[in-house]
Structures are given as C-alpha cells and as structure tokens.
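A.B. asks: One structure, as structure tokens, below. Some questions next.
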Amino acid sequence: MSPQTALLLTLLAPLATAAGIAFFLRRQGGLAAACSVGAASVLCAGAFIAISARGDGAVTASWEWLSFGEFKVSMGFLFDDVAATMLAMVSFVGLLIHIFSLGYMKTDKSRARFFGGLSIFMFSMTGIVLADNLIMIFVFWELVGFSSYMLIGHYLETEEAKAASKKAFIVNRIGDLGFLVGIVTAYWHFGTTDLVAMEQITNAHPGLVNATIAAFLMCGFIGKSAQFPLHVWLPDAMAGPTPVSALIHAATMVAAGVYFLIRIVFLFPVEVLDFVAWLGTAVAVYAGFCAYAQNDIKRILAYSTLSQLGYMAAAFGLGYPGVALFHLITHAFFKALLFLGAGSVIHGCHHEQDIFKMGGLLKRMPVTAITFAIGVLALCGVYGLAGFYSKDAILIAGGLGKTPIFILLTLGAFLTAGYMGRLFWVAFLGEPKSDAASHAKESPPSMVVPLVILAGLSIVGGMIQLWPDSLGGLIRYDLDHLHHAEGYAAMHYKVLIFGTAAWVVGLFAALFFYGAGAKEDRLAHKAPAVFGFLKARLWFDELYGFYVAKVQDRIAALLSFLDIFLLKGLIVRGSAGLVALLGLGARSLHVGNIHAYVFWFLGGLLLFWAFAGGLL
C-alpha cells in the first residue's frame, strides 16, 4: 500500500464509521469508533514507516476539487515530520480516549450520537493535520467547529449545555471570519493558497511577507485556541461529556490553532511574532489566576488548558515553533490524563464535580489518584517528567529573548503548581465531604487502563531521544538551535533553579493554605475581595453581555427599522405604489371615446410645438 493510499484511508476511516453508526450501529457504535481510530493509528504508522524507509522527505498528493475559470480549489496531503508528529499524537491519544469512553458513556442513552460525533471530529482533525492548502484547512476547520458544537451540547436536556455549545460556535465564528479574510488576502497576494508554494515564494522574496495577512490568519488561532479576547468559550465548553473535554478541548482541537501557526510560520513578520508572544504570555498568567476561583474540577483544568496554550503561543512568538510543537505533544499526554482522571473521579463520585465535596479519594480510587498525581507533577514541570522538558525549553527561550516574558511565564509556572496542588490536596486527601465521595469506588478497567498508559507517556513522553529518528524533526531542530544559542548554559541553570522553586513553592504553599481535604475554600473566606475579583475573570462575559445588549442589539434594531420602513416600506413598496399610481393615471386616459383621443392628440402636438420652438 502506498503512503498516499494509507493517508487517504486514515482520513476516511472515521467518516465511514460515523456513517455506519448513523445507519447501522446504534448500539455498538462505541466499539466501531474505537476500532476505526485504532485502524487509523495503524495506517498512520504504516505511512510513516514507508516514508522513513524511502527517506525522500514529505509525501504530497493533490486532487482538483472545484474549478471556477482560472481559480481552482484542490484537496491534498502534506505529510512531513510536523504532520506525522501531530497525527501520531491525535490518533493514539484519540484511541485511548475512545477506549475510556466505552466505560464512561456505557449507560448514556445517546451514546451512538456521542460516538458518531467523535468519529466526525477525528475525520475533521485528521483533515486539518494533513491539509496542504489554506482552503482545505478552513473546510476541515469548520467541520471541527461543528463537531465541537455538537459534542458540547450532547446533554440536550440541560440549559447549560445548550448555552455553552452556542457560545462556543458563535465565538469561534468571529475568529473564523478573520481567518477567511486572511485566506482571501493571501490568495490575492501570492496567487495561491498552497502551503509549499507560499513558503517557496516567501523564501525567494522575503519582502512579500505581509503583516496584514499574518494578522488575519492569526484570528483563526485566537478563536480555536481560546486566546484573548475570544477565550471565553472554553471554560463553558466543560458542559460536554468529560471525554469530549479531554479529546477536543484539551489535547487536540484547541491545539489545532497552534499547529496551524506552525504550518504558516513563514508568513509571520517579526512584529506579529512579538504580538503572539506577548498575547500568549498574558493568557498564561491570566488563566492561572482565574483557576483559583473555580471549584468545578473540569473548569480548573479548562483554565489550565488556557494557560498552557498561552505557553505554546509564547514559544511560537519567541521564534521557536518546534518548541511550541514539543509542548503541544507533551501537554496532550498529561492534560488528556488529567481530564480522563477527572472523568474517572466524576464517574466514581456519581457525577459530583465540586472538589470541596470530594476528599479521601486516594484511599477509594488509588489508581485514579496516583495517575492523576503523575499528571499534576508533569503539568507543574517536575524534573524528569514530560512537562519539564517542554516547559523549561519555553522558559529558556523567554529568558534568552525577552526577560519580562521569562518572569511572567515563571509566575505562570508558580500559579500552575498552586492551583493544581489545591485541586489534588482538596479532592484526594483528607476525609470524604459528601455521601458521593464516601461511596466512591475505582473505575472499571476500560477507564483505568488508558489512565495508566497516559501516565506512562506523561513520564517518558518528553524524552525526545526515545522518539523515532524521523519523528519530531522540527522539534529536534529548534531544541538544537536553542541549545547552541548564546547564553544558553547560564539561562539553563537559572531556569532549573527558578522552575524548580516555582513548583515546589506552589505545591506546598497550596497545601499550607488550603490544607489536606479542606471542607471550604479558604481564599473565599479569608480574602473575599480577592476571590471575587478572580471569579469575575476581568468581567469579560459581562462586557460582552453589555456590548450585545446595549450596542449590538440597538444597532440591530435600527437596521431592522431601516429595513422595514425605508427599504421595504418606502423604496420597495413605495416605488411599487408609485408605478401603480402612474398606471392608474395612464389607464384613466383610455376612456374609449374618439373625441377624447383627438383632444389629447392635439394637446400633445401643441406641447411638442411649444417645446421645439423654445417657448417651454
């Protein structure tokens, strides 16, 4: 089987599974979805091995889809080391989350719809990873958005899920509008949307790199990866089932924005890269503070995801897209572990999500607790775990590039350790604080085994020397470039000291302040003003609500008035009425009397004579 055929089957297998679930496999849809992702993983590995054996670089293939004169739209593959790294993560982590879902969604009456939605998502995400042009990326980008909308709103009977799905869909459309304008502008500027062709053009003519195009395309990243000011949808997206949060809103879809930036890095001038670096840094710190005011275990992890996406954006903006990709991969391992661990806790505690109503879970759910602890330590960047390698690389890049960014990202690392320590100490230690926690029990093997595997990846996943030689080429290149940068050795020791201090102080400060198995949020009681400020999240939702109610709705009412009374009333109906009136007047002249016709004929001649003679 050729690599092109293997990649095509990798793309189409989830779509065929979604169709099969919809028509034939209503009860066994979960198993079919998991098998399709497993098959896609095998096909992806086969394509990668075939490419590595041939040693001829990227695999490309293209088919014409639409044609409008000289403008042609194609669908094609660009499977290089970046795509291989991303696709390997998406397929393998997706497989583990599908297996976990078999147990988690076992009693859900709408599980066929759930697994069908997951299959559509896998199809869409694979399309983004393999796409070789901006138009194809946009098509699958929108399909991913649709999948997210459908799965966030899985619990149709709850108002929270309905509102969250609509919010996610609408907010992302704002970013996607800028993305679409960027695609049109790029085609007008370069004459193509093909990624390879545009890179060749910019390499030959660096002056063609345009800040406007980069800024518009960046809007897609801001929406999909939940960056300022379009970050408000991600915490609410936790209304969906926990496996959805793990797969879509932590490991893969939200990271698609970062992957997209890496794909088009050649289009970014320095000034736009600086903006991305500062934007990511601001989000990393902001989300870290917001997490302290959340009691819902999934919302805490949602703000953690926002923060880590900020780290990836900062790495990209600092000029190290490979380091951003590195953190994207390691983050997928430990954040999928944390979300699935949260799902195991929610399942064991009979759908209780408030950490201050848990407690004592270390004794009742030991495997979940231990694997969750590994995920926490990896996220905090403890030495030797996956997060340590990628997070420290970002901190070193910040220290070598911009000292203020280094300081803020180190603060973000401290905040991360603090709120994750708060979560673990409160939920897993102490005594049970509710009947649900008292009767909690370990999850079934279908849910526990993926936790153990992800815990293993969270330990060794950052050791890039263990990866296959042909995988992660961009990551290796940028890490090597970073290691040979001037001042690296001194900055490495500085980051090692401050990075270690950040997680040690953060974890133990949380233990000292909140205590083991605390029954109440001590920050809310000891510093209510601070807690209220953090819970307000800088009032972004309130500002958007004010804008919609006081500005957008009033503008819409004015436009509706102009539409109804000016356009429809005066222009459309008025012009029709005027024509009807003229017709009525003209009809009144046709009386059927020869004398009247002669009279009007003579009157017309007199008027014509007067006009021709200059009298009128």
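A.B. asks: In whole Hz, what ³J(HN,Hα) sequence does the stretch 517-525 give by Karplus (6.51, -1.76, 1.60; θ = phi - 60°), x for Gly and Pro?
C.D. replies: In residue order, the calculated couplings are x, 4, 8, 9, 7, 5, 5, 5, 8 Hz.
A.B. asks: I would also like to ask the following. Would you mind putting 127-136, 32-41 in packing order, based on average other-beta-carbon counts within 10 Å, highest first?
C.D. replies: Descending mean neighbour count gives 127-136, 32-41.
A.B. asks: Then there's this: Can you work out the FRET efficiency for the pair LEU466 and ALA490, with r the C-beta to C-beta distance and R0 = 30 Å, to the nearest 0.05?
C.D. replies: Once the sixth-power term is evaluated, E becomes 0.60.
A.B. asks: Same structure, new question: Quick one: if you stick a label point 7 Å off each Cα along the C-beta vector at HIS525 and GLU542, how many nm between them?
C.D. replies: It works out to 2.6 nm between the two label points.
A.B. asks: A further question on this structure: Solvent-accessible area per residue for the chain at a 1.4 Å probe radius, Å²?
C.D. replies: I get 43 Å² per residue for this part.
A.B. asks: Once R0 is set to 51 Å, what does the formula 1/(1 + (r/R0)^6) return for the Cβ-Cβ distance between ALA163 and ALA501, expressed as a FRET efficiency to the nearest 0.05?
C.D. replies: Result of the calculation: an efficiency of 0.80.
A.B. asks: Next question, about the same structure. Please determine, in degrees from 0 to 90 and to the nearest 10, the orientation of helix 253-263 with respect to the longest principal axis defined by the Cα atoms of the chain, where the helix direction is its Cα long axis.
C.D. replies: For 253-263 against the chain, the angle is about 80 degrees.
A.B. asks: Pull out the extension gain between VAL449 and VAL572, defined as 0.36 nm times the separation in residues minus the alpha carbon to alpha carbon distance; nm, one decimal.
C.D. replies: 37.5 nm
A.B. asks: Round to a whole number: what % of the accessible area of the stretch 79-204 belongs to carbon and sulfur, probe 1.4 Å?
C.D. replies: Roughly 66 percent of what the probe reaches on the stretch 79-204 is carbon or sulfur.
A.B. asks: Using a cut-off of under 16 Å, list every residue of the stretch 68-107 whose amide N is near the label point 7 Å from the Cα of LEU12 along the Cα-to-beta-carbon line.
C.D. replies: Within reach of a label on LEU12: 75-77.
A.B. asks: Rounded to a whole number, what is D in µm²/s for the stretch 132-246 from Stokes-Einstein with the Kirkwood radius over alpha-carbon pairs (4 °C, 1.567 mPa s)?
C.D. replies: 85
A.B. asks: Now for a different question. Which value in nm describes the separation of the simple spin-label points at ILE564 and GLU431, placed 7 Å from the Cα toward the beta carbon?
C.D. replies: 6.4
A.B. asks: Quick one: if the Förster radius is 30 Å, what FRET efficiency do HIS481 and PHE508 give, using the C-beta to C-beta distance and rounding to 0.05?
C.D. replies: 0.25
A.B. asks: Report Rg (one decimal) and Dmax (nearest whole number) for the chain, counting Cα atoms only, units Å.
C.D. replies: 29.9, 112
A.B. asks: Additional query: Of the accessible area of the stretch 332-416, with the probe set at 1.4 angstrom, what percent is carbon plus sulfur?
C.D. replies: Looking at the stretch 332-416 in its full context, I get 68 percent from C and S.
A.B. asks: Using a 7 Å offset from the Cα along the Cα-to-Cβ direction at both VAL598 and PHE68, what is the distance between the two label points in nm, to one decimal?
C.D. replies: 6.5
A.B. asks: Right, next: Could you work out how far the C-alpha centroid of the stretch 413-440 sits from that of the stretch 356-408, in angstrom?
C.D. replies: Result: 16 Å between the Cα centres.
A.B. asks: Mind jotting down the distance between the C-alpha centroids of the stretch 1-42 and the stretch 320-341, whole Å?
C.D. replies: Measuring centre to centre over Cα atoms gives 25 Å.
A.B. asks: Let me ask something else. State log₁₀ I(q)/I(0) for the stretch 541-616 at q = 0.11 Å⁻¹ as given by the Debye formula over alpha-carbon point scatterers of equal weight, solvent excluded.
C.D. replies: Evaluating at q = 0.11 Å⁻¹ gives log10 I(q)/I(0) of -0.60.
A.B. asks: Also: Express in whole angstrom the spacing between the alpha-carbon centres of the stretch 242-292 and the stretch 523-589.
C.D. replies: 33
A.B. asks: Give the residue list of trypsin sites (Lys or Arg not before Pro) in the stretch 517-616 that are DSSP loop and have at most 16 other beta-carbon atoms within 10 angstrom.
C.D. replies: Sparse-neighbourhood loop trypsin sites (Lys or Arg not before Pro): LYS519.
A.B. asks: On a 0 to 90 degree scale, rounded to 10, what angle separates helix 29-54 from the longest Cα axis of the chain?
C.D. replies: Once rounded, the angle reads 80 degrees.
A.B. asks: At a 1.4 Å probe radius, carbon and sulfur cover how many percent of the accessible area of the stretch 217-282?
C.D. replies: Summing carbon and sulfur atoms, their accessible area is 76 percent of the total for the stretch 217-282.
A.B. asks: Listed highest first by mean packing, meaning other Cβ atoms within 10 Å per residue, what order do 595-601, 390-396, 441-447, 414-420 come in?
C.D. replies: Highest mean packing first, the order is 390-396, 414-420, 441-447, 595-601.
The values are calculated or read from the model by the stated rules, or taken from the named source; none is laboratory data. Owing to the predicted nature of the structure, the values given are computational and were not obtained by experimental measurement. A quick note on method: Cβ atoms are made from the backbone with ideal geometry, for glycine too, and the neighbour counts reach across all protein chains shown. Each accessible area value is taken on the protein alone, full model and side chains, heavy atoms only, with ligands, DNA and RNA left out. Shrake-Rupley method; radii C 1.70, N 1.55, O 1.52, S 1.80 Å.
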